[in-house]
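To keep things clear, I will list the structure first and then write my remarks on it.
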Amino acid sequence: MQGYVLARPALGKAIVLDGFGGQSSDVTVLSHDGGKGYMVILGSSISGQGNFDATYSVVLFDGWKPRMLFKAEEGNNFGDCGDEGKVCEGRQVFQNPLAVTAVRYSGPDGKRTKASVSSKVVTLAYPNTRQSNPRCSTRFC
């Protein structure tokens, strides 16, 4: 099993966090508010058959339940492209707590690609309510 386990030693309990983890599991603590919990970045990645994908999720823990505030994804198919006209493409994400920059690239092979860049300023704050974010999409929340 690969992924994250949320442990509460004082309670003598631990749970597996579903939907997070993979071949690479990184945790970055952004902040901690005693009344509102920890805000962290959970990094996850998978690969296989010439493809690589990674997700970076900003999560706030509401008791035992992780609440996703923001998500950025990256990946490429450079191990499975170029032959038989299959286009090489990918997306790389650079993030810090203030901005996310995404570089998209595509081309007939790994050496002849065209790139485009987009940036998004992200404001991270503890929400006033503990309800899910209804505007959460597959790439950004």
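Here are the numbers for the structure shown:
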| read-out | value |
| --- | --- |
| Single residue of Lys86, Lys114, Lys65 found to be within 24 Å of Gly3 (Cα to Cα), free of Cβ contacts under 8 Å to residues at least 12 places away in the same chain and exposed (fewer than 15 other Cβ atoms within 10 Å of the Cβ) | Lys65 |
| Subset of segment 9-40 [touching a Phe, Trp or Tyr at 6+ places or on another chain (Cβ under 8 Å), of a type in the set (D, E, K, R) and either part of a strand (DSSP E or B) or closer than 19 Å to Gly75 by Cα (or both)] | Asp33 |
| Unique match (being crowded, with 18+ Cβ neighbours inside 10 Å, at pLDDT 80 or above, among the hydroxyl-bearing types (Ser, Thr, Tyr) and touching a Leu at 6+ places or on another chain (Cβ under 9 Å)) among Tyr4, Tyr38 | Tyr4 |
| Considering residues of segment 88-110 that are in contact with a strand residue (DSSP E or B) (Cβ under 9 Å, 6 or more places away or on another chain) and in a loop (DSSP other than H, G, I, E, B) only, the residue nearest to Val122 (Cα to Cα) | Leu98 |
| Subset tally (residues that are within 14 Å of the chain's Cα centre (by Cα), within 30 Å of Cys81 (Cβ to Cβ) and of a type outside the set (Lys, Arg)) for segment 13-71 | 21 |
| Near pairs, Cβ below 9 angstrom, 6+ apart or cross-chain, from segment 13-41 (in contact (Cβ under 8 Å) with a residue 12 or more places away in the chain and closer than 19 Å to Phe70 by Cβ) to any residue that is of a type in the set (Asp, Glu) and assigned to a strand (DSSP E or B) | Gly22/Asp53; Lys36/Asp62; Gly37/Asp62; Met39/Asp33; Ile41/Asp26 |
| Matching residues, segment 72-87, being under 10 Å from Gly50 (Cβ atoms) and assigned to a strand (DSSP E or B) | Asn76 |
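One line per residue, one yes/no per condition, for (1) assigned to a loop (DSSP other than H, G, I, E, B); (2) of a type outside the set (A, V, I, L, M, F, W, C); (3) exposed (fewer than 14 other Cβ atoms within 10 Å of the Cβ); (4) modelled with pLDDT of 80 or more:
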| residue | (1), (2), (3), (4) |
| --- | --- |
| Leu42 | no, no, no, yes |
| Asp53 | no, yes, no, yes |
| Lys120 | no, yes, yes, no |
| Thr129 | yes, yes, yes, no |
| Cys141 | yes, no, no, no |
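The values are calculated or read from the model by the stated rules, or taken from the named source; none is laboratory data. This is a predicted model, so every value here is computed, not measured. Counting neighbours? That spans all protein chains shown, and the Cβs are built from the backbone with ideal geometry, glycine included.
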